[in-house]
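Following: one structure in structure tokens, then a few remarks.
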Amino acid sequence: MTQILIWLLQIIRWGISAYSTVLLVYALMSWLPGARSSKFGYFISSIVEPYLDIFRRLIPSVGMVSFSVVAGILFLNLVEYGAQVVILFLIRLLN
């Protein structure tokens with residue numbers, strides 16, 4: 001059972017890391033003219049926009065700058081830490 005929980009934690013970490021990378025790519029694409037209107041840009045936007053809309057409703061933009069990507073990455077890091085704490089607690093409980 002411990003091995004399964006460790007494997008689950010690794011999957012969660014990998015998934016959060018991959019999604020954080022996609023968020024970073026999305027943010028960098030805003031600096032390149034026309035990058036979001038490409039097929040790749042539409043694909044990345046379809047993955048990222050639903051998640052970032054949550055933070056755009058909560059955090060207003062400052063001028064033309066949106067901090068939704070930063071908030072999204074910080075929230076993902078909190079989720080990763082929370083999952084780590086819960087899984088390590090379960091491992092200690094089972095041993």
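Taking mean projected area of the Cα convex hull in nm² as the quantity of interest, determine which of (i) 5.7; (ii) 15.5; (iii) 7.1 was computed from the displayed structure.
Only one option fits the structure, namely (iii).
Testing the spin-label approximation: label points 7 Å from Cα along Cα→Cβ at L94 and S45. State their distance in nm.
4.4
How do M64, M29 line up, fewest other C-beta atoms within 10 Å first?
Final ranking by Cβ density, sparse to dense: M64, M29.
With θ set to phi - 60°, apply the Karplus curve 6.51 cos²θ - 1.76 cosθ + 1.60 along segment 54-64 and write out the HN-Hα couplings as whole Hz, x wherever there is a Gly or Pro.
For segment 54-64, the Karplus curve yields 4, 6, 5, 6, 8, 10, x, 6, 9, x, 9 Hz.
Could you sort the peptides 16-28, 79-91 by per-residue average Cβ neighbour count (10 Å cutoff), highest mean leading? Walk me through the intermediate numbers first.
Numbers: 16-28: 15.1, 79-91: 13.4.
Packing proxy ranking, top to bottom: 16-28, 79-91.
Residue by residue, what Karplus-based ³J(HN,Hα) values in Hz, rounded to whole numbers, does segment 10-16 have, using 6.51, -1.76 and 1.60 with θ = phi - 60° and x for Gly and Pro?
5, 5, 4, 4, 5, x, 5
Read-outs: derived from the displayed coordinates by stated rules, not from any lab. All figures in this text were calculated on a predicted structure; none of them were measured in a lab. Glycine also receives a Cβ, built like all others from the backbone with ideal geometry; neighbour counts cover every protein chain displayed.
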